[in-house]
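Below is one structure, written out as structure tokens, with a few remarks after it.
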């Protein structure tokens, strides 16, 4: 009898804890996630020009270096002794002979690959630079606005629970890196922007969370 009453007491206590825990979660959702209207918690209006400049610079260097790689393939001379010369070249000519085609295509491919890597890096920086963050009305969704290489704005929605702050807003870094679930790389929140609701930012997207990674975007 004592064992049966003890088990019943534990079950009753467990139900009370579960109900109380559920009530606490519901309160926290209402207080921090479910807002009565759309609330802007971050905005940076001065980044469009810089994003456009970075995008144009990335495209410009790609065009120039791609042209240089083409010239390298067509006219690269054997300017070092360890670079073999093209066999069809006239050895009595005073001009430096063309390098072997394998070396020319190797140097051209390397320069073209470097140009593509720099352009992708500059474009990804634009796509990951945050323009504004808005908590949406009566939901746990947050609206992210980021720049494009042309300086325009693109928008997407994501759950607050899928946003994790790598560093807190109070850190000495000039940017707050945010990790979004199923997204490659960090999204960058520049501290030179405005935080209209700093405490709400810290309690929502400014929290460090652990989540599993699925399909990347």
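The values are calculated or read from the model by the stated rules, or taken from the named source; none is laboratory data. Since the structure is predicted, the reported quantities are computational estimates derived from the model, not experimental observations. Quick reminder, even Gly has a Cβ in these numbers, built from the backbone with ideal geometry, and neighbours come from all protein chains shown.
Worth pointing out:
- Filter pass, residue 195 being farther than 20 Å from residue 126 by Cα, touching a residue at least 60 places away in the same chain (Cβ under 8 Å), touching a helix residue (DSSP H, G or I) at 6+ places or on another chain (Cβ under 8 Å) and surrounded by 16 or more Cβ atoms within 10 Å (Cβ to Cβ): yes
- Considering residues of region 146-185 that are touching a helix residue (DSSP H, G or I) at 6+ places or on another chain (Cβ under 7 Å) and farther than 18 Å from residue 127 by Cβ only, the residue surrounded by the most Cβ atoms within 10 Å (Cβ to Cβ): 160
- Exactly one residue out of 32, 42 is under 26 Å from the mean Cα position of the chain (by Cα), modelled with pLDDT under 70 and not in a loop (DSSP other than H, G, I, E, B), and it is 32.
Matching residues to (1) surrounded by fewer than 15 Cβ atoms within 10 Å (Cβ to Cβ); (2) at pLDDT 70 or above:
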residue	(1), (2)
7	yes, no
18	yes, no
26	yes, no
36	yes, yes
48	no, yes
53	yes, yes
62	no, yes
74	yes, yes
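- Hey, residue 185 under 30 Å from residue 198 (Cα atoms) and not in a loop (DSSP other than H, G, I, E, B) or not: no
- Identity of the residue in region 127-140, out of contact with any helix residue (DSSP H, G or I) (no Cβ under 7 Å at 6 or more places or on another chain) and part of a loop (DSSP other than H, G, I, E, B), that ends up farthest from residue 186 (Cα to Cα): 138
- Every listed requirement among (1) farther than 22 Å from residue 58 by Cβ; (2) in contact (Cβ under 8 Å) with a residue 40 or more places away in the chain is met by residue 190 save one, (1).
- Figure legend. Inter-residue proximity from region 78-93: first residues closer than 17 Å to residue 106 by Cα, second residues surrounded by 10 or more Cβ atoms within 10 Å (Cβ to Cβ) and modelled with pLDDT under 70, beta-carbon distance below 9 Å, spacing 6+ or different chains. Indicated pairs: 78/89.
- Single unsatisfied condition, residue 143 versus (1) surrounded by fewer than 17 Cβ atoms within 10 Å (Cβ to Cβ); (2) modelled with pLDDT of 90 or more; (3) not in a strand (DSSP E or B): (3)
- Of the set (1) under 28 Å from residue 36 (Cβ atoms); (2) surrounded by fewer than 17 Cβ atoms within 10 Å (Cβ to Cβ); (3) out of contact with any strand residue (DSSP E or B) (no Cβ under 6 Å at 6 or more places or on another chain), all apply to residue 204 but (2).
- Of the residues making up region 108-120, one or more are within 30 Å of residue 142 (Cα to Cα) and modelled with pLDDT of 75 or more.
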